[in-house]
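Before any comments, here is the structure.
None of the figures in this text is laboratory data; all of them are computed from the coordinates on show. Keep in mind it's a predicted model, so treat the numbers as computed, not measured. Cβ sites come from the backbone with ideal geometry, for glycine too, and all protein chains shown count toward neighbours.
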Amino acid sequence: MEFREVVKQRRSLRSFAPVEVNDDLIKDLAVVAGLAPSCSNKQPWRFVFVRSAGLLERMVTTLKPGNAAWAKAASLIVAVWSQADLDCRTPDGRDYYQFDAGMASALLMLAATEKGLSGHPIAGFDPEAARQVLALPDGSQVITLIIIGGQTHEISPALAAWQIAAETERPARMPFEAFASIV
């Protein structure tokens with residue numbers, strides 16, 4: 001698939017088909033994500049790939065109810081985490097770890113799309129509870145959880161009406177003039 005087509009196909013869908021998650025798949029997604037640029041090449045992103053049924057269930061308990069309803073069908077949850085001391089801090093106090101982890105996460109989701117998977121990053125979860133379930137170090141921040149499953153045309157019955165609408169048609173994108181300018 002051409003790059004532009006992968007980007008066009010990437011959607012944050014909530015309906016998933018079950019998919020086998022083996023070590024090769026996880027390593028492939030991680031290697032692609034690891035090619036992301038980062039400040040001074042510090043590579044501050046950290047990923048925990050959750051695929052075992054018991055741990056998936058525990059991770060779903062950290063989600064807000066609206067996300068838990070559909071995410072329980074996921075075959076994989078990727079916890080994206082980092083901490084400020086793993087990356088650059090500018091003299092004026094800007095931390096880059098979240099930005100750099102975001103770039104790596106975007107590459108991971110594009111790699112998943114290329115493999116016929118759907119990846120949906122969420123903010124609706126309890127980051128401290130997720131950190132505890134995964135036994136992450138003190139001071140670390142779970143930035144997002146990427147809920148991943150196989151692409152399907154079957155709409156999950158767990159979805160609300162507005163979510164069903166977003167599944168069947170790509171939500172509107174802002175026009176160029178709303179987010180970019182040429183000077």
- Tell me, what ³J(HN,Hα) does each residue in region 13-23 have, in order and in whole Hz, if you take phi through Karplus 6.51 cos²θ - 1.76 cosθ + 1.60 with θ = phi - 60° and put x for Gly and Pro? 7, 10, 9, 10, 9, x, 9, 6, 10, 9, 4
- Among the trypsin sites (Lys or Arg not before Pro) in region 57-111, which ones are in a DSSP loop with at most 10 other Cβ atoms within 10 Å of the Cβ? Mind listing them? Arg94
- Message: Please list 3J(HN,Hα) in residue order for region 49-56, calculated via the Karplus relation 6.51 cos²θ - 1.76 cosθ + 1.60 where θ = phi - 60°; whole Hz, with x for glycine and proline.
- Response: 8, 9, 10, 6, 4, x, 6, 4
- Message: How charged is the neighbourhood of Ile122? Take every other residue with its Cβ under 12 Å from the Cβ of Ile122, and add Lys/Arg as +1 and Asp/Glu as -1.
- Response: +1
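If you take the beta carbon distance between Ala166 and Thr61 as r and set R0 to 25 Å, what does 1/(1 + (r/R0)^6) give as a FRET efficiency, to the nearest 0.05? Present the calculation step by step, with values, prior to reporting the outcome.
On the way: r = 25 Å, r/R0 = 0.98.
That pair, Ala166 with Thr61, gives E of 0.55.
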- Can you give me the Cα centroid spacing of region 39-97 and region 113-151 in angstrom? 4 Å
- Message: Per residue of region 150-156, what does 6.51 cos²θ - 1.76 cosθ + 1.60 with θ = phi - 60° give for ³J(HN,Hα)? Whole Hz please, x for Gly and Pro, Karplus curve as stated.
- Response: x, 5, 8, 9, 7, 7, 5
- Message: Students often forget the sequence filter, so: which aspartates and glutamates lie under 16 Å Cα-Cα from Lys64 once same-chain residues fewer than 8 apart are removed?
- Response: Asp126, Glu128
